[in-house]
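In what follows, a single structure is set out as structure tokens and then discussed.
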Amino acid sequence: MLRNVKVKKYIEERLAKKEAERIAKQDEILEFYTTVMRDDEEDTRERIKAADSLAKTYAMFKQDINLTGDLNHSIDLSYMSNEELDEELKKYEDE
């Protein structure tokens, strides 16, 4: 029985290692893009795509988003009594 457990564990480890080798890691992908980008014999469009992918990875393209509008909103609490309002306020005083 002990031998079967060891064999099973060995097989699981080998399968996990094989699976891990099939999937490209982050550094490998970045190296690939860099190699394509620097290759003078590569098509210019492909080099630009590789440079664009690298730039996106490093968040070099920053978008400024400006939001405008009316942020003054009111909430109708007239349905609550003064006691209920006081209780609600107490909940947030400790925060």
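Net charge in the neighbourhood of A20 (other residues with Cβ under 15 Å of its Cβ; Lys, Arg +1, Asp, Glu -1) is -1. The alpha carbons of the chain occupy a box of 71, 61, 21 Å along the principal axes, longest dimension given first.
Along the chain, the exposed loop sites are trypsin sites (Lys or Arg not before Pro) outside DSSP states H, G, I, E and B with at most 16 other Cβ atoms within 10 Å, and the longest stretch free of them is 26-61.
Under 29 Å Cα to Cα from K18, which lysines show up? Leave out anything in the same chain fewer than 8 places away. Partners found: K6, K8, K9. Among the chymotrypsin sites (Phe, Trp or Tyr not before Pro) found in the chain, those both in a DSSP coil and sparsely packed, with 15 or fewer other Cβ atoms within 10 Å of their Cβ, are Y58, F61, Y79.
Take every Cα pair under 8 Å whose residues are at least 6 apart in sequence, average their separation, divide by the length of the stretch 1-92, and the relative contact order is 15 percent.
None of the figures in this text is laboratory data; all of them are computed from the coordinates on show. As the structure is a prediction and not an experimental result, all values here were calculated from the model. When we count neighbours, we look across all protein chains shown, and the Cβ atoms used for this are built from the backbone with ideal geometry, even at glycine.
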